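Visitor: Can you read through this structure? Questions will come right after.
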Amino acid sequence: MLSIYSILALILAYCFGSIPTAVWIGQAFYGIDVREYGSGNAGATNTFRVLGKKAGIPVMLLDILKGWTATNLAYIIGVSTTGGYHSVAFVNYSLALGIAAVMGHLFPIFAGFRGGKGVATLFGMILAINLQASLLCVLVFLIVLLLTQYVSLASITAGFTYPIGVTFIFPVSTRSVVIYGMCIFLLILVTHQKNIERLLRGKESKVNLFKKKTTA
C-alpha cells in the first residue's frame with residue numbers, strides 16, 4: 001500500500017514534468033511561445049527548430065533532468081519497500097514516478113496542458129532506470145540524426161532500441177522494465193504520428209545542429 005509520502009512523491013514527479021522549459025525559456029529570453037511556431041510542441045526538438053541550439057540545448061538538458069530527477073525521487077525521499085532498493089516493488093515505483101513526470105511533460109499543469117512529446121523526459125527516466133541501455137539509445141539517436149538530420153526519425157529509432165537493449169543486449173530481471181520499454185516505443189509512435197506522416201511524404205523538417213541560427 002502506498003504511503004502518503006509515496007503519493008506526494010508521485011504528485012511532485014508530475015509537477016517536475018510539468019515545468020514547461022521550452023515555453024518559459026522561449027518567453028523569457030526570446031519573447032516567443034514556441035508552441036505558436038514550427039510543430040506547435042513545447043519540447044526540445046521544436047525549440048531547436050524555432051530558436052536554434054542556444055535555446056534548444058538548455059531545454060533538452062533540463063527536460064532530461066526532469067525525468068531523471070522524478071524517477072530518482074524514490075531514493076531522495078527514502079521510500080522503503082520490502083526487499084530494499086533493488087526489489088521489484090521499488091523498481092516499479094521508480095517507473096511510476098518517471099511515468100508521472102512524462103505525463104506532466106505531455107500535459108503540463110503550468111502551461112495549459114499543452115506540452116511536448118516527452119522524448120527528452122523519457123530519456124531522463126530510462127537513464128535513471130538502466131544506464132547502459134540508455135547510452136545505447138543515445139548512440140543510435142546520434143547516428144541516425146547525423147545521417148538523416150531528422151530528429152523525429154532518430155527519436156523513433158532510439159525508442160525502438162531501448163526495449164531491444166533491456167531484453168537482449170543488457171537483459172534485466174525485472175519484467176516490468178521490459179514491458180515499460182515496449183510501452184516507450186508505442187508512446188513515441190503515437191506522439192510522433194504526424195511526424196511519421198510527414199516522413200512518408202518527404203515533408204518532415206530537418207534539424208542541422210551545426211548550422212548557426214540567424215533569426216528567431
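The values are calculated or read from the model by the stated rules, or taken from the named source; none is laboratory data. Nothing here was measured: the structure is a model prediction, and the numbers come from that model. Here the Cβ positions follow ideal geometry from the backbone for every residue, glycine too, while neighbour counts run over all protein chains shown.
Visitor: Every residue in the range 27-49 that is assigned to a loop (DSSP other than H, G, I, E, B) and under 18 Å from Phe107 (Cα atoms), please. Can you show your working first?
Guide: First pass over the range 27-49, keeping only residues assigned to a loop (DSSP other than H, G, I, E, B): 31-33, 37-43.
Within the range 27-49, Asp33, Ser39, Gly40, Asn41, Ala42, Gly43 meet the criteria.
Visitor: Any residue at all in the range 179-188 that is buried (at least 16 other Cβ atoms within 10 Å of the Cβ), of a type in the set (A, V, I, L, M, F, W, C), farther than 22 Å from Lys66 by Cα and out of contact with any strand residue (DSSP E or B) (no Cβ under 8 Å at 6 or more places or on another chain)?
Guide: no
Visitor: Can you pull out every residue in the range 116-137 that is touching a residue at least 60 places away in the same chain (Cβ under 8 Å) and either surrounded by fewer than 22 Cβ atoms within 10 Å (Cβ to Cβ) or of a type in the set (A, V, I, L, M, F, W, C) (or both)?
Guide: Going residue by residue through the range 116-137, those that are touching a residue at least 60 places away in the same chain (Cβ under 8 Å) are 116-122, 124, 127-128.
Passing the criteria: Val119, Ala120, Leu122, Leu127, Ala128.
Visitor: A further question on this structure: Taking helices (runs of 4 or more DSSP H) that do not extend beyond the range 79-196, which have at least 3 residues that are assigned by TED's automatic domain parsing to the domain that holds Ala44 and in contact with a helix residue (DSSP H, G or I) (Cβ under 6 Å, 6 or more places away or on another chain)?
Guide: On the way: elements: 88-106, 119-129, 131-148, 151-164, 175-191.
It comes to 88-106, 119-129.
Visitor: A follow-up question, please. Check the range 8-17 and report whether any residue there is under 15 Å from the mean Cα position of the chain (by Cα), within 15 Å of Phe123 (Cβ to Cβ) and surrounded by fewer than 21 Cβ atoms within 10 Å (Cβ to Cβ). Give the derivation first.
Guide: Pass one, the range 8-17, residues under 15 Å from the mean Cα position of the chain (by Cα): 13-17.
Add one more test, that the residue is within 15 Å of Phe123 (Cβ to Cβ), and what stays is 16-17.
Adding the requirement that they be surrounded by fewer than 21 Cβ atoms within 10 Å (Cβ to Cβ) leaves none.
Scanning the range 8-17 turns up no residue that is under 15 Å from the mean Cα position of the chain (by Cα), within 15 Å of Phe123 (Cβ to Cβ) and surrounded by fewer than 21 Cβ atoms within 10 Å (Cβ to Cβ).
Visitor: Is it true that Ser18 is closer than 17 Å to Lys117 by Cβ, modelled with pLDDT of 90 or more and in the same structural domain as Gly118 (by TED's automatic domain parsing)? Break it down stepwise before answering.
Guide: Values: closer than 17 Å to Lys117 by Cβ: yes; modelled with pLDDT of 90 or more: yes; in the same structural domain as Gly118 (by TED's automatic domain parsing): yes.
So Ser18 fits the description; yes.
Visitor: I would also like to ask the following. Picking from Glu197, Glu204, which residue would you name as being surrounded by fewer than 17 Cβ atoms within 10 Å (Cβ to Cβ) and among the acidic types (Asp, Glu)? Even if it seems obvious, please write down each step before you answer.
Guide: Working: Glu204 fails: surrounded by fewer than 17 Cβ atoms within 10 Å (Cβ to Cβ).
Just a single option satisfies the conditions, and that option is Glu197.
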